[in-house]
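Structure record follows, encoded as structure tokens.
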Amino acid sequence: TNQRRIEQLVKSYLQSLDNLEGFWPCEPDGGIGVMTKYGVINSGITRYALVLSDLVGTGILDRRTPASILEIGGGYGGLALMCRQFNPNSAYVVCDLEESLFYQGVFLNMHLGEDYVHPIRGHRNEFESMQEGHVYLLPQRHAESLSDANFDLVINQQSMQEMTREQVSRYSDIISLCAEKFYSCNMDSHGKGIVSSKGTISSLHEFL
């Protein structure tokens, strides 16, 4: 039933909160989801809260220490917004397909304001001049430029599982040059049928 699904959603959500130092993630004003006493939540909020809980619980991220974060594949921008809300001192770069960057740009502009969201081309001075509290959108065709940057953390969640082995290898090489910490939240494989028909990686966890 719908009520049972809501209860399961809230239960999953609450399991992520212990590590979040009093932070209650929820949809921004006008967001889509289920209204609860914790705010409007949905499956995306719950998934992003789990990522954040993992990072905080392992001491990789906290609410105050300035951090430079790179997310490879940013969905609609929800995790970027949540990390920015959790730690306003973070500088956040999203590297993604150009079409996805458009949606992320619209979403983040709505909730952070256009002064805090910047398209970039991957020039060295752009990475060196990143400001705390700002989000930067980098087209994937310029991904190699990230090799010259320096990030405290790289995140990938639910997009490497959609990539080919060659694409994962490309990003792994870039990550190895620009950061010491990498967080992956992905399925290992979609199964033999999808691997053979779509060309996705056969075992992401083994490869990483």
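Values in this text are rule-based calculations from the coordinates and carry no lab data. The structure presented is a predicted model; accordingly, all values stated were derived computationally and were not measured. A quick note on method: Cβ atoms are made from the backbone with ideal geometry, for glycine too, and the neighbour counts reach across all protein chains shown.
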Based on the alpha-carbon gyration tensor of the range 25-101 and its eigenvalue square roots a ≥ b ≥ c, which shape applies: rounded if a/c is under 1.5, prolate if not and a/b is larger than b/c, or oblate? oblate
So what is the calculated 222 nm ellipticity per residue for the chain, using -39500 (n - 2.57) for each DSSP H run with n of 4 or more, over all residues, to the nearest 500 deg cm²/dmol? -12000 deg cm²/dmol
Any trypsin sites (Lys or Arg not before Pro) in the range 76-150 that lie in a DSSP loop and have at most 12 other Cβ atoms within 10 Å would be 121
Relative contact order (%) - the range 135-208, alpha-carbon pairs under 8 angstrom, separation at least six: 35
Rank by packing, highest mean first: peptides 2-13, 71-82, 176-187, with packing defined as the count of other Cβ atoms within 10 Å averaged across residues. 71-82, 176-187, 2-13
Which order do peptides 133-139, 201-207 fall in by mean Cβ count within 10 Å, highest first? 133-139, 201-207
List the aspartates and glutamates whose Cα lies under 15 Å from the Cα of residue 37, skipping any in the same chain that are fewer than 8 positions away. 7, 27, 29
With a point put 7 Å past each Cα toward its Cβ, work out how far residue 141 is from residue 36 in nm, to one decimal. 4.2
